[in-house]
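Step one of this worksheet: look at the structure below.
Readers should treat all values here as calculations from the given coordinates under stated rules, not as data from a laboratory. Because the structure is predicted, anything quoted here is derived from the model rather than measured. Don't worry about glycine lacking a Cβ; one is built from the backbone with ideal geometry, like all the others, and counts go over all protein chains shown.
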Amino acid sequence: MSGRAQAPERGSADPRRTLAPPERRRVRVSANEALGAYRVLKLADPDGPAPAPGQFSMLAAVDRWGAGEDERPHLARAFSVARVSAGEAHYLLEDVGPGTRRLCELSAGDGVWTLGPLGRGFEPPAAGQRALLVGGGVGIAPLAILQDALEGLYALPGRRSEEVPAARRATVLLGFRDRDRAAGAGLLRGARVASDDGSVGHAGHVTELLERELARAGHSIVYACGPAAMLEAVRALCEREGIPAQLALEAGMACGFGACYGCVVSRRDGSYARVCLDGPVLDAAELAAIDEHAGAPA
Amino acid sequence: MSVRFCGLSLAHPVINGSGTFDALAGQRAFGERVLHERFPFSAYVSKTITLKPRRGNPPPRLWEAAGGLINSIGLPNKGLAAYLEEDLPALARLPVPLITNVMGSDAAQIAQLVGACDERPEIAALELNMSCPNVRTGLDIGADPAQLLAVVGQVRPCTAKPLIVKLTPNTADVTACALAAQGGGADAVSLINTLRALALSPRARGEATAPDGQVPRRWLGGGSGGLSGPAIRSVALAQVAAVAERVQIAVIGMGGVQNGAHARELLDVGATLVAVGTESFRDPAAGLRIARELEV
């Protein structure tokens, strides 16, 4: 299989969705760096299509993918693109199961299968809208590339220049379980931090910071990614305050491109949305209450 | 490596298992032109279509098992009328023949589905998903040879298109089921569907055993599910070999195929076509790669 990316299709009507080549591509790890409790996995992918902020990739190690604990992993794992810089795609990883564990232990030069960019990313704020970024845990990843785009450090693919709002600083609120994880806040610039154990910043939930921030007014759109309970709190809060919100959801996936129908979430109208194809970024107004069922060990 | 199958001329012997590749979703993710230029299968099998729309099972729908995947998707689909009106025009643009998979809970329902599809020239062949429980007995229609023979016999006159019967492996004697499908007039059988499987929710950290008197919680929203992937490959090979030895009609073999060597084994024991399923989840181009590996 070729390691070279095929040219993506031109004229995709949706700037929130850069089309992926229809095959997994073999790339190499350029670095795997510790960031507190997390790892930042950097993949050399100079020929890869530029993702829209909020899109994700399916990743699997080329070697020793399988035959781990319980003969797993078998399927690739979904990760939001955290940043694209100098021909490298960055991903934020936390070791929570056999797949993430294998990816966390990779070294520079190791091979990785990547399929992407997949899904539908964030709609950038309209001119004059002030953005508020809210993240929790390893879910802060897609907010980093969004912040890069908002501050003019990452060119939004598929947008005419007049569609891209002038570079501006967004307010960033991030929540973590403890001090080790709170080090992940270094992925973004100028974040205000909350920690569950009170070891860093505000003692409590990031949604308490959000509530205060919304009371101050002037913010007009919320972008959030994190655990289901946090997203549900953000969704309910924004609904109450009448503020639009875009939520990047996480779900167990088998394929990442709409084939398996495994990653559904409930819409308000009673239908299911596929997180991988209709999302992962969905308008909060479209969603029913976000269920919290413990994620399968990934 | 072109191949004849039930009167259809296919570019190679690799197709998809029903419900494991969504061509319309693929058009959205990869773009229609690129997907069609490098379409991974020599024929496209649709997801299962039912008379009425189905929402599918509540999540979670997936569990990664040892060497495979347990799914409990619940056959979500928009129903026959919307499939014919909305999806068929787009599926007709695919560069390969379209096989429509249908499921009903009795012969009358299946006959209605098959009859409606028979009128559409965009559909090259039909596959019957026989893993539907009989509402009276609770057993899968396809698990009981006598019932299978009767249902296929009643449905057969509804179409002149090739009729494929997808067999369930969750039965005492898959060869008897295959012979029943043949006796009812099927042009081909496809096997194996997923093996019935169960996944329990992982226990919380530090919790050694399930508390006394409590039923362990099932992980999948639909209760039990179906196992696929390399974990079932040897079972698939045994069942395909047993069936191909006894029937005179064509056989589509599937179950855990990941590469050309696996596909070759199914062809060697008598399959005419091989279907790829779970491996496509790991790589959407898997079908094309396996077809190329078969050529050498």
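Considering all C-alpha pairs of segment A:25-118, those separated by over 20 Å amount to 27%.
Other protein chain C-beta atoms within 10 Å of residue C-beta, averaged over A:260-269: 6. When the charge dipole of the protein assembly as shown is built from unit charges on Cβ atoms (+1 for Lys and Arg, -1 for Asp and Glu) and taken about the Cα centre, the candidate among A:G111, B:A244, A:I221 whose Cα reaches farthest toward its positive end is A:I221.
Each principal axis of the Cα cloud of segment B:168-296 was taken in turn, and the coordinate range along them, longest first, works out to 54, 36, 20 Å.
In angstrom, the C-alpha Rg and Dmax of chain B are 18.8, 61.
Mind checking the angle between helix A:228-241 and chain A's longest principal axis? C-alpha axes, 0 to 90 degrees, to the nearest 10. Long axis of A:228-241 versus the principal axis of chain A: about 30 degrees.
Its Cα centre serving as origin, chain B has a Cβ charge dipole (Lys and Arg +1, Asp and Glu -1) of approximately 540 debye. For A:R26 and B:S234, a Förster radius of 35 Å and the Cβ-Cβ distance give a FRET efficiency of 0.75, rounded to the nearest 0.05. Taking the convex hull of the alpha carbon positions in chain A and averaging its projected area over all directions gives 14.8 nm².
Remark on B:V276: its backbone amide H falls under 5 Å from those of B:I15, B:N16, B:G17, a criterion applied only to residues 5 or more positions apart or on other chains, H modelled at 1.01 Å from N. In segment B:6-139, a dipole from Cβ-located charges (positive for Lys and Arg, negative for Asp and Glu) runs towards its positive end, and of B:A82, B:A29, B:G115 it is B:A29 whose Cα lies farthest in that direction. As a proxy for reagent exposure, A:V84, B:V155, B:V96 were ordered by neighbouring Cβ count within 10 angstrom, fewest first; the result is B:V96, A:V84, B:V155.
Structural size metrics of segment A:131-286, computed from C-alpha coordinates, are Rg and Dmax of 15.8, 45 Å. Rg and Dmax of segment B:48-92, both derived from C-alpha coordinates alone, stand at 13.8, 40 Å. Hey, can you list the DSSP H helices of chain B whose Cα span along the axis is 18 Å or longer and whose average Kyte-Doolittle score is at least -0.5? Those that clear 18 Å and a mean of -0.5 are B:233-246.
Summarising the strand pairing of the protein assembly as shown, around 55 percent of its internal DSSP beta bridges are antiparallel.
The long axis of helix A:206-215 is offset from the longest Cα principal axis of chain A by roughly 40 degrees. Shown for A:L133, B:L195, A:L35, B:L273: other C-beta atoms within 10 Å of each C-beta, ranked fewest to most, produce the order A:L35, B:L195, A:L133, B:L273.
Inverting the pair-averaged 1/r between distinct Cα atoms of the protein assembly as shown gives 25.0 Å as its Kirkwood hydrodynamic radius.
Other protein chain C-beta atoms within 10 Å of residue C-beta, averaged over B:16-27: 4.
Its Cα centre serving as origin, segment A:131-286 has a Cβ charge dipole (Lys and Arg +1, Asp and Glu -1) of approximately 260 debye. Report, in whole Å, the centroid distance computed from the Cα atoms of segment A:254-284 and segment B:116-157. So the separation of the two Cα centres works out to 30 Å. Shape call for segment A:91-215 from the C-alpha gyration tensor, a ≥ b ≥ c root eigenvalues: rounded (a/c under 1.5), prolate (a/b greater than b/c) or oblate? In terms of gyration-tensor shape, oblate. Taking the 0 to 90 degree range and rounding to the nearest ten, how far is the long axis of helix A:141-150 tilted relative to the main principal axis of chain A, both from C-alpha atoms? Between helix and principal axis, roughly 70 degrees. Computed 3J(HN,Hα) for segment A:119-126, one whole-Hz value per residue from the Karplus formula 6.51 cos²θ - 1.76 cosθ + 1.60 where θ = phi - 60°, is x, 10, x, 6, 8, x, x, 6, glycine and proline marked x. Between A:A203 and A:R130, the contour length at 0.36 nm per residue exceeds the Cα-Cα span by 23.7 nm. Along the charge dipole of the protein assembly as shown, pointing to its positive end and built from +1/-1 on Cβ of Lys, Arg, Asp and Glu, which listed residue (B:T171, B:L267, A:L143) has its Cα farthest out? Result: A:L143. Dipole magnitude for segment A:38-107: computed about the Cα centre from +1 point charges on Lys and Arg Cβ and -1 point charges on Asp and Glu Cβ, it is near 120 debye. Within straight-line reach of B:K166, meaning a Cα separation under 22 Å, sit the following lysines at least 8 residues removed in sequence or on another chain: B:K47, B:K52, B:K78.
Inverting the pair-averaged 1/r between distinct Cα atoms of segment B:33-176 gives 16.4 Å as its Kirkwood hydrodynamic radius.
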